[in-house]
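Structure first, then comments.
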Amino acid sequence: MKKFFLMIAVLAGLPASAVLASSDMAQVVTNGGRPVDCLSPVAVNKIDGQMKIVPSQGFKIEPGIHTLNARAILDTTFCKVGRGGNRGWYAPDLEVNFEAGKTYYIGYDHKSKNRDEWKLVVWKVK
């Protein structure tokens, strides 16, 4: 399969490393929340316990089990949160087993009335 993508990359004039690298990594999307489902976008600030600066739209990560932490700015269009408004919220770490070639959509689930149940979630995998 890699030979097929490599051949297409060469024919298209793309560097082969760009095609191979994209299939060897997982993609994390953090800016595509679903306000109607009380899922807000997040900004990842820690990966495996280490402070990281990653693009706010998303980033690539090596396959395997990783722990993420993030800050969320709640989109309260459909899910009102009462006092405290939509300031930045922190949540417990999220552990995910990332697979190469897949895209993981991460968001902050704040649909529960109990704020202690709000958490980071993978809400879609493609």
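The values are calculated or read from the model by the stated rules, or taken from the named source; none is laboratory data. Owing to the predicted nature of the structure, the values given are computational and were not obtained by experimental measurement. We place every Cβ from the backbone using ideal geometry, glycine too, and count neighbours over all the protein chains shown. Heads up: the accessible areas ignore ligands, DNA and RNA and are worked out on the full protein's heavy atoms, side chains in. Shrake-Rupley method; radii C 1.70, N 1.55, O 1.52, S 1.80 Å.
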Is it the case that some residue within segment 65-83 is open to solvent by 50 Å² or more (accessible area, probe 1.4 Å), closer than 24 Å to Lys126 by Cβ and modelled with pLDDT of 90 or more?
yes
Any residue in segment 87-106 that is in contact with a Phe, Trp or Tyr (Cβ under 6 Å, 6 or more places away or on another chain), within 15 Å of Ser40 (Cα to Cα) and at pLDDT 95 or above?
yes
Can you find a residue in segment 5-28 that is out of contact with any Leu (no Cβ under 9 Å at 6 or more places or on another chain), modelled with pLDDT of 85 or more, open to solvent by 30 Å² or more (accessible area, probe 1.4 Å) and outside any loop (DSSP other than H, G, I, E, B)?
yes
